[in-house]
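Structure first, commentary second.
The values are calculated or read from the model by the stated rules, or taken from the named source; none is laboratory data. Just so you know, these numbers come straight off a predicted model, no measurement behind them. Using ideal geometry, Cβ is built from the backbone for each residue, glycine included, and neighbour counts are taken over all protein chains shown. To get the accessible areas, we keep the full protein, side chains included, count just its heavy atoms, and leave off ligands, DNA and RNA. Shrake-Rupley method; radii C 1.70, N 1.55, O 1.52, S 1.80 Å.
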Amino acid sequence: MSIDVLTIYLLNFVIAFAMAGLCFFSWLHSRDILGLRGWATSLLLGAMGSLELSLRTNSSPLYMVVMANSLIVAGYSTVWMSVRRFNSGERGIKFAVVPTTVFVVIFTGALLAGIDVNKRVALCSLVIAILSTLAAWEVLRARITEPLSSRLPTAIALLLMAFSMIVRVVFSLLSDAPEGDTTPFYDPTQGITLFINTICVVAMTLGFLLMANERLRHHYEKLASTDELTRLPNRRFFLEEAERLAGRGALGMARACVLMIDLDHFTNVNRTFGHAGGDRALVAFAGLARQQLRPDDLIARYGGEEFCALLRDVDESEALQVAERLRAAIADLSLDVDGRSLRITISIGVATLREDLQDAMRRADAALYRAKERGRNRVESAEEPPAAAA
């Protein structure tokens, strides 16, 4: 089976150009997605290279041959650069410029030295295979830090492209070079690997767009569940997550406690230091609370100056110790607000989580108000000790 190579070049041009337009359109609506514009640029480079290859004749000057192949290699180099930017935010234009420059030097030297067409095809295919493999590795490397489900199919498309180019290298090196004048659209694999390449371009581009959309969706989900000021989970997330954990028994019900926390005299803080000072106090509390609580504990901004926490695998006495450490740490904290010292205190109510999260929160809230009635800057248990006998 053979496929007309000129048709493949023209098809590559149309598809790459259309995919580039789709990527640019997506970037215009989601400019925060790093690497998307670079990916669109890589497709445009590939489209121009394919168009130039389709316009060749046997009498085309050498620079046209060099430019056409170099544009395609520049496209794959930019794919590698774009994935790196998507993962780390690093611009890294050198990852596109250096491989392309090295290729231009080597390919031009091969043309001037009269190296036969099969070896030149093998060189181009090998470079594309290497760049595709590097891009696939970058896609998979970031799965640990950002486990997007669309990473795997995107990497598979890139690896399949690399494999098809390696097959083309093998055919190029094992085939005898054509004698005499050949069509400018000669291909040792009769267009089959080029056709696979076209399919992979579509697949890997759709995969990258899926990665971008998946990241954007996760970003909006995080915004919906995170308090903008303190960067802690918000009330909605806390209630849903705590109910989910309690519902599946992940808390070990007899070993979990709820803390209701309130910043004391917060109205006075806003009145004295302004809302900017109040915001500083909330942010400082959130940062210190993250340090004092364990990674498995859940703390959220419940509303205004009120926070709530869910401590896992602790009984009430241990939870009271945690709460007391947090209270003392906040009491020792001093903030500088426009040259003035701002000190804050907190009151905490502690309740054991039994079977009902809402019931535990009500009891912890009652303990919190008892702490405020008894002078603030203190920790109170929902289980009050029995009164002494008269």
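Below, the figures for the structure above:
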| read-out | value |
| --- | --- |
| Selection count where residues are exposed (fewer than 14 other Cβ atoms within 10 Å of the Cβ), in contact (Cβ under 8 Å) with a residue 24 or more places away in the chain and not β-branched (Val, Ile, Thr), scope region 33-69 | 2 |
| Index of the failed condition, Arg91 passing every other in (1) part of a helix (DSSP H, G or I); (2) modelled with pLDDT under 95 | (1) |
| Scan of region 90-128 for residues that are small (Gly, Ala, Ser) and open to solvent by 30 Å² or more (accessible area, probe 1.4 Å), ordered by number | Gly109, Ala113, Gly114 |
| Single match in Val117, Val104 (criterion: of a type in the set (A, V, I, L, M) and touching a residue at least 60 places away in the same chain (Cβ under 8 Å)) | Val117 |
| Residue that is farthest from Arg340 (Cα to Cα) [pool: residues in region 290-308 that are free of Cβ contacts under 8 Å to residues at least 40 places away in the same chain and not charged (D, E, K, R)] | Pro295 |
| Subset of region 350-379 [open to solvent by less than 70 Å² (accessible area, probe 1.4 Å), touching a residue at least 24 places away in the same chain (Cβ under 8 Å) and either touching a His at 6+ places or on another chain (Cβ under 8 Å) or of a type in the set (A, V, I, L, M) (or both)] | Val350, Ala351, Leu353, Leu357, Ala360, Met361, Ala364, Ala367, Leu368, Ala371, Val379 |
| Any chance Trp27 is in contact with a Lys or Arg (Cβ under 7 Å, 6 or more places away or on another chain) and modelled with pLDDT of 90 or more | yes |
| Elements of type strands (runs of 3 or more DSSP E) in region 300-349, at least 2 residues being open to solvent by less than 10 Å² (accessible area, probe 1.4 Å) and at pLDDT 95 or above | 306-312 |
| Residues located in region 265-287, provided they are under 24 Å from Ala382 (Cα atoms), in a helix (DSSP H, G or I) and open to solvent by 10 Å² or more (accessible area, probe 1.4 Å) | Phe266 |
